[in-house]
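Input: a single structure, listed below in structure tokens.
The values are calculated or read from the model by the stated rules, or taken from the named source; none is laboratory data. The structure presented is a predicted model; accordingly, all values stated were derived computationally and were not measured. Cβ atoms come from the backbone with ideal geometry, glycine included; neighbour counts cover every protein chain shown.
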Amino acid sequence: MDFIAGNRVEPLIEAAETYPALEEAIAGARESVHMAYWTIDPSLPLRSDVLGGDPQRRESGEAATWLDLVASTVERGVTVRILIADFDPVLGREFHQAAWTAYRRFLRIRDGLAEEAKPRLKVVCTRHEARIGQTVRVLSQPVIRRYLKQSRDELRQLLAERGREAALERLADLPGLWRYIRPFGRGGFSLMPYAWPTVYPAAHHEKLCVIDDRLVFLGGLDIDAQRDDSQEHENGFAWHDVACRVEGPVARAFASHYRRRWNAELDDYLAFLRKTRRPSRVTPLPEPRDVEKIPVEPPDGAADAAAANAGEIEAVPLRTISAQMKSSFSRAPRNVFAEIRDGYLWAIGQAERLIYIETQFLRSQTIADALVERAQQVEGLEIIVLLPLLPENLLRFREPNGATTKGQELQERAVHKLRRNLAERVGIFTLLRNGTGAIDPEKDRDEVARNLIYVHAKTMVVDDRLAMIGSANLNDRSLLCDTETAILWRHPEAVRRYRERLWRHALGLDVSEWENGLLERWKKIAHRNIRLPAEERQGYVVPLSEPAVEAFAENSLLVPDELV
């Protein structure tokens, strides 16, 4: 692994740390701000004092928002580029709608800017280029049409409940469906009879902000109200996440990655807007303006600035990149770079004492096999894994789809593989803020949602020497298909401090004096917590129960491992 010296890496735990740091960095930008997120809510109130986003104003509803921050930054003379991740409009309709709603809102603020400032705000909404093969597309039409009918029926229901204008407004933010669902007369909406939609199986999942080509924020945290939580977890849906602030030579690599992605997606974005025919009475999408391609390499001045801020940490920038598969039978994209997967495998192979993982999913059999193999090679190695009690989709949707149940089946296999082969040398845990461990995850999903702390972090610590922070989960979708970014870094003191902060959050106590018996200490606290009411627990950690591991797990030969 080729580490680059001279960096600073500052881990940020929860939105309460990440958002203020990010807001203040954007407010201090001098030349450019480049953002790329899976989801970004322009109306999210600011957490920092920037532009009056302090907590008191947030509570009163008067706080400045991300729209205000972007507008203010552009007006100061800074160029802001925003890559909004679009999604499959048929199978991912809710995400598709949210993406284009955000797109409209960001471009709408241009109207209030001075004429000389307008060209500095550049917004692009693009989905991943990969599509299923033609043969698979034909064979999948019954399923695809069923999802299309659901979207049509929801528009009809909205028409009946709130009127035609509300239904047309909803359709306006679903441009990917304009070819397939059309309004007619006064009566409602219909499916186009000869439409043969395709499916876009991959997405841009990274969460990246590059400021002046020298300062980078990356990790698991999007800009969204659901993720806006603190270590006290007072959000309605408690959310645990990790990001980091990076300066130094590796920041230049991420700056170049963003520029390449911007250039690669620009043509597809413009072609989509040009070819998409708007139905009558539907509000048109804003015209694309000032979205030219840019040099791939950042200017030399950014490199000089990055070097001036050099730190003591050695780091490696990592990515997952995929592209269109040419086969007519393809169901998933072709992997181009699996650097994050390789980084995990390399780091696991270095472990001698402890591997600590926080991840939204543990579905990759490759990662599970690597953990087992390394533990069998090194007699004293212990493994601690922190997972959410249930996947978010099982809490949001009453009827889980095949991808969700297949993902649960893969995670069940991975967890059982670890427990079966490593026995007492592995611990699988989750986080609860309320309730007890006796919740039946298949019957009491509303109670689960109220009680859990959703583990969305994507991070690993090895022997207090190596650490990984990024946007990729430990599933094949993140490691092979979706666009992802991560950083692998090493520095004994800094990594240990990071691990201790993560454990202080989970366990609710200072662990700086802990040297031995780490897994046994976790087990003792977790098993005691499960028997106590929330107010008497030590932190949030409890064992991940077998019913939760097995809930809704069902294999599906129709869904590739790479897509869950």
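It is to be established whether one or more residues within region 53-65 are modelled with pLDDT of 95 or more and either outside the structural domain of W262 (by TED's automatic domain parsing) or in contact with a Gly (Cβ under 8 Å, 6 or more places away or on another chain) (or both). Within region 53-65, not a single residue is modelled with pLDDT of 95 or more and either outside the structural domain of W262 (by TED's automatic domain parsing) or in contact with a Gly (Cβ under 8 Å, 6 or more places away or on another chain) (or both).
Evaluation of P547 against the conditions (1) surrounded by fewer than 17 Cβ atoms within 10 Å (Cβ to Cβ); (2) assigned to a loop (DSSP other than H, G, I, E, B); (3) in contact (Cβ under 8 Å) with a residue 40 or more places away in the chain shows that the sole unmet condition is (2).
Within region 463-485, not a single residue is surrounded by 22 or more Cβ atoms within 10 Å (Cβ to Cβ), assigned to a loop (DSSP other than H, G, I, E, B) and basic (K, R). Summed over region 1-25, the residues that are surrounded by fewer than 22 Cβ atoms within 10 Å (Cβ to Cβ), within 24 Å of the chain's Cα centre (by Cα) and among the acidic types (D, E) give a count of 4. When R331 is tested against (1) surrounded by fewer than 22 Cβ atoms within 10 Å (Cβ to Cβ); (2) at pLDDT 95 or above, only condition (2) is not met. Residue pairs whose Cβ atoms lie under 8 Å apart, sitting 6 or more positions apart in sequence or on different chains, and linking a residue in region 67-81 that is under 18 Å from A102 (Cβ atoms) to a partner that is among the charged types (D, E, K, R), are L67/R105; L69/E23; V74/R120; V80/R120; V80/K122; R81/K122. Taken across region 310-317, residues that are outside the structural domain of I82 (by TED's automatic domain parsing), closer than 24 Å to A494 by Cβ and touching a Leu at 6+ places or on another chain (Cβ under 8 Å) do occur, with at least one present. Here R137 does not fit the description of being surrounded by 15 or more Cβ atoms within 10 Å (Cβ to Cβ) and within 25 Å of the chain's Cα centre (by Cα).
No other residue among R261, R278, R289 is assigned by TED's automatic domain parsing to the domain that holds I82, touching a Phe, Trp or Tyr at 6+ places or on another chain (Cβ under 8 Å) and in contact (Cβ under 8 Å) with a residue 60 or more places away in the chain apart from R278. When region 346-355 is filtered for residues that are touching an Asp or Glu at 6+ places or on another chain (Cβ under 9 Å) and either at pLDDT below 95 or crowded, with 17+ Cβ neighbours inside 10 Å (or both), the ones remaining, listed by number, are I348, A351, L354, I355. Those helices (runs of 4 or more DSSP H) of region 83-180 in which at least 1 residues are under 29 Å from A332 (Cα atoms), modelled with pLDDT under 95 and β-branched (V, I, T), considering only elements entirely within it, cover 134-139, 141-162. Residues of region 247-254 include at least one that is at positive phi and modelled with pLDDT of 95 or more.
Out of all the residues in region 531-544, which are surrounded by fewer than 16 Cβ atoms within 10 Å (Cβ to Cβ) and assigned to a loop (DSSP other than H, G, I, E, B)? Across region 531-544, the qualifying residues are R531, L532, P533, Q538. Scanning region 181-216 for residues that are without any contact (Cβ under 8 Å) to a residue 60 or more places away in the chain and not in a strand (DSSP E or B) yields a count of 8.
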